[in-house]
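**Student:** Questions regarding the structure given below will be posed in turn.
Taken together, the values in this text are just the output of simple stated rules run on the coordinates, not laboratory data. In this text the structure is predicted, and so the values were computed from the model without any measurement. Using ideal geometry, Cβ is built from the backbone for each residue, glycine included, and neighbour counts are taken over all protein chains shown.
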Amino acid sequence: MRNRNKIVAVSLLILSIGLTAFSDNDKYFQIAKNLDIFAAFYRELNTYYVDDLQADKLMQKGIEAMLEETDPYTDFVPEENLDDLKFMATGKYGGVGISIYTRGDSTAVTDVYEGSPMHKAGIRAGDIILKLDDKSVKGWEQEDISRQLKGNAGTPLSMTVRHPLTAEVKTVNIHREEIAVRPVSFYGMLKSGVGYIKMTQFTENSAHFVQEAFEKLKAANPTMKGVILDLRGNPGGLLEEAVAVSNIFIDKNKLIVSTKGKVKNWDREYRTGQQASDIQLPLVVLTSHTSASASEIVAGAVQDLDRGVVVGQRSYGKGLVQTTRPLPYNAKLKVTTAKYYTPSGRCIQAIDYSHRNQDGEADEVPDSLRKSFVTQAGRPVKDGGGIEPDDKTEQRVLSQVAITLLRRQYIFDYATQYFYAHSKTPLVAEFKLSDDEFEDFVRYLDGKDYSYKTRSEEALESFSNTARKEKYYDAVAKEFEALQAKMKHDKKQDLLKNKTEIRQLLQEEIMNRYYLQKGRIETSLAWDGDVIEAVNVLQQPAKYHALLTVAK
């Protein structure tokens with residue numbers, strides 16, 4: 001009987017191996033077969049179709065159709081777009097160091113990066129670009145102007161600009177440089193004795209800049225009560241840099257993230273490799289709906305290891321890892337090769353691209369299918385939907401009037417006027433737009449079009465359209481028109497009703513004129529609800545520890 005069982009077991013093993021081999025062979029046969037069909041189909045189509053076909057365009061369409069069956073992060077990168085891929089990894093590009101905005105036929109400089117060629121040449125936000133290398137840019141698309149501004153480091157560029165107020169025209173001649181976007185856009189101490197570090201991306205050596213900022217804050221403020229690492233709006237980047245940033249606050253040899261994919265030889269565990277800079281100082285990580293990828297690895301590790309408190313809104317939910325593969329003619333395939341898992345074992349991928357509905361759309365993982373895990377201290381956490389903050393806050397939503405003023409560039413233009421009318425540089429901590437200056441802004445808007453529909457008006461219009469389609473409108477017409485009349489907004493009243501919010505936006509833009517991006521960020525911290533809540537948590541040790549303790 002024992003020998004018979006052994007024979008049966010061996011037979012089943014051989015059968016299993018045979019079925020696996022057959023399955024693999026069948027799969028590869030199907031791939032080879034369809035590649036032959038594809039090549040033959042293209043050859044016949046190209047040979048006999050009545051009109052000439054553009055090979056590049058046709059193949060691009062075919063590649064795009066194949067990519068529709070994958071996720072948004074898997075992509076074909078032709079040789080001419082490799083600089084974009086390089087920028088995502090390094091945060092560096094060849095250019096001049098400005099941002100622009102095209103409105104009609106006019107293109108203005110909106111931001112100047114500190115230390116860049118254009119900053120050193122005296123270009124300021126608000127300057128109007130007239131020519132590039134003696135060619136008028138009137139009527140150019142914004143993308144075309146951006147492309148012209150970029151180029152290899154060391155190459156020359158001539159730019160002619162017009163002063164936004166005096167209309168004075170000047171030409172600057174510069175050489176493009178390698179522009180490195182700083183992964184730490186701002187760091188400093190808040191009035192409450194709490195350190196603050198704003199991190200915008202996870203590119204090469206970004207962990208070094210975070211650690212440098214943290215060490216400087218500690219050295220200058222030995223009684224620091226805690227530190228805020230702001231990852232809001234950070235789209236992520238390099239996985240290794242996420243591990244290195246985590247290592248600043250999490251001690252040596254701790255699991256930060258693991259990856260698992262189809263190719264098992266590529267599965268890996270990533271652990272901290274060095275002694276942490278500090279494992280005791282209270283830590284808050286800020287997240288938002290646009291914190292993704294590497295940002296979520298850091299937030300997930302801090303949360304799962306109970307190293308700090310996550311404050312803000314639920315993160316984006318990107319639990320996928322991409323790798324670049326070489327293709328002929330210097331092209332690249334950026335392909336999703338694995339899912340990543342936080343220390344507790346959860347994958348926080350929010351959208352399931354492997355299962356699609358009848359329309360071909362991928363849906364979010366439903367709450368009913370999200371699995372529960374526990375942190376090192378036993379606190380419950382879930383997979384399948386980004387990082388849920390330990391302390392949730394409401395996302396700031398701008399009023400419709402504020403959004404319209406921003407879109408129409410009226411806040412931007414007024415800040416330009418204010419800057420040239422006030423030569424004395426104000427201190428960020430002391431600057432506040434007075435009531436008289438706000439009234440001046442209101443007068444500046446006289447005669448300008450900033451019409452818009454409130455969300456209530458949009459909802460009412462939607463109701464009207466539906467009621468007309470369903471033949472109910474006539475029965476409620478009088479009540480509807482009365483309600484519409486009551487809700488009709490007064491633009492000037494909306495300005496006054498949202499005065500605090502609009503004044504804050506004006507102050508941020510004005511400080512950007514004097515101190516560039518750092519001025520905008522530092523100014524905004526005074527009324528940033530997430531930052532205020534983070535400070536509140538760090539100033540109350542009992543609340544901080546309660547958030548890190550299992551509820552009884």
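**Student:** When the dipole is taken about the Cα centre of the stretch 316-396, and only Lys, Arg (+1) and Asp, Glu (-1) are charged at their Cβ, what size is it in debye, to the nearest 20?
**Tutor:** Charge dipole of the stretch 316-396: 480 debye, to the nearest 20.
**Student:** When DSSP beta bridges are limited to those with both residues in the chain, what percentage is antiparallel, rounded to the nearest 5?
**Tutor:** So the antiparallel bridges in the chain amount to around 75 percent.
**Student:** Further question on the same structure: For the stretch 66-145 and the stretch 380-405, what is the centre-to-centre distance using only Cα atoms, to the nearest Å?
**Tutor:** 29
**Student:** How big is the charge dipole of the stretch 68-142 about its Cα centre, in debye rounded to the nearest 20, if each Lys and Arg gets +1 on its Cβ and each Asp and Glu gets -1 on its Cβ?
**Tutor:** For this selection, approximately 700 debye.
**Student:** Using the charge dipole of the chain (Lys, Arg: +1 at Cβ; Asp, Glu: -1 at Cβ; taken about the Cα centre), state which of LEU406, GLN517, ILE387 has its Cα farthest towards the positive end.
**Tutor:** ILE387
**Student:** Quote the relative contact order of the stretch 398-501 in percent (integer), defining contacts as alpha-carbon pairs under 8 Å separated by 6+ residues.
**Tutor:** 46
**Student:** Separate question: Given a Förster distance of 22 Å, report the FRET efficiency between GLN280 and THR323 from their Cβ-Cβ distance, rounded to the nearest 0.05.
**Tutor:** Given R0 = 22 Å and the Cβ-Cβ separation, E is 0.05.
**Student:** What whole-number distance in Å separates the alpha-carbon centres of the stretch 282-300 and the stretch 178-231?
**Tutor:** 15
**Student:** Report Rg (one decimal) and Dmax (nearest whole number) for the stretch 263-411, counting Cα atoms only, units Å.
**Tutor:** 18.8, 56
**Student:** Show me, bin by bin at 10 Å from 0, the whole-percent P(r) of the chain based on Cα pairs.
**Tutor:** 3, 13, 20, 23, 21, 13, 5, 2, 1, 0, 0
**Student:** What percent do you get for the relative contact order of the chain when only Cα pairs under 8 Å and 6+ apart count?
**Tutor:** 11
**Student:** So which of LYS339/LYS371; LYS252/LYS518; LYS392/LYS499; LYS120/LYS518; LYS198/LYS424; LYS170/LYS432 end up more than 21 Å apart by C-alpha?
**Tutor:** Too far apart for the 21 Å limit: LYS252/LYS518; LYS392/LYS499; LYS198/LYS424; LYS170/LYS432.
**Student:** By how many nm would the segment from MET59 to ARG443 lengthen if fully extended, with 0.36 nm per residue of separation less the alpha-carbon distance?
**Tutor:** That works out to 132.6 nm of additional length.
**Student:** Still on this structure, please answer the following. Hand me the trypsin sites (Lys or Arg not before Pro) from the stretch 374-413 located in a DSSP loop with no more than 15 other Cβ atoms within 10 Å, in residue order please.
**Tutor:** When the trypsin sites (Lys or Arg not before Pro) of the stretch 374-413 are filtered for loop state and at most 15 Cβ neighbours within 10 Å, ARG396 remain.
**Student:** Further, regarding this structure: Need the full-extension length gain, PHE463 to ALA526, defined as separation in residues times 0.36 nm minus the C-alpha distance. One decimal, nm.
**Tutor:** Residue separation times 0.36 nm, minus the Cα-Cα distance, leaves 18.7 nm.
**Student:** Hey, got the dipole for the stretch 129-170? About the Cα centre, +1 on K and R Cβ, -1 on D and E Cβ, debye to the nearest 20?
**Tutor:** That gives a dipole near 80 debye.
**Student:** Report the extension gain between ASN221 and ASN81 in nm, rounded to one decimal, defined as 0.36 nm multiplied by the number of residues separating them, less their alpha carbon distance.
**Tutor:** 45.9 nm
**Student:** Here is a further query. Just tell me which lysines come within less than 20 Å, Cα to Cα, of LYS478; anything on the same chain fewer than 8 places away is out.
**Tutor:** Straight-distance partners of LYS478: LYS469, LYS486, LYS488.
**Student:** How high is the FRET efficiency between LYS499 and MET66 when r is their beta carbon distance and R₀ equals 56 Å, given to the nearest 0.05?
**Tutor:** Once rounded, the FRET efficiency stands at 0.60.
**Student:** For the stretch 364-378, list residues with backbone N below 19 Å from a point placed 7 Å from the Cα of ASP352 toward its Cβ?
**Tutor:** Zone members listed by number: 364-373.
**Student:** Rounded to the nearest 0.05, what FRET efficiency is calculated for ASP474 and ASN46 with R0 set to 56 Å and r the Cβ-Cβ distance?
**Tutor:** Calculated transfer efficiency: 0.40.
**Student:** Helix 473-487: angle to the longest alpha-carbon principal axis of the chain, degrees 0 to 90, nearest 10?
**Tutor:** With both axes taken from Cα atoms, the answer is about 60 degrees.
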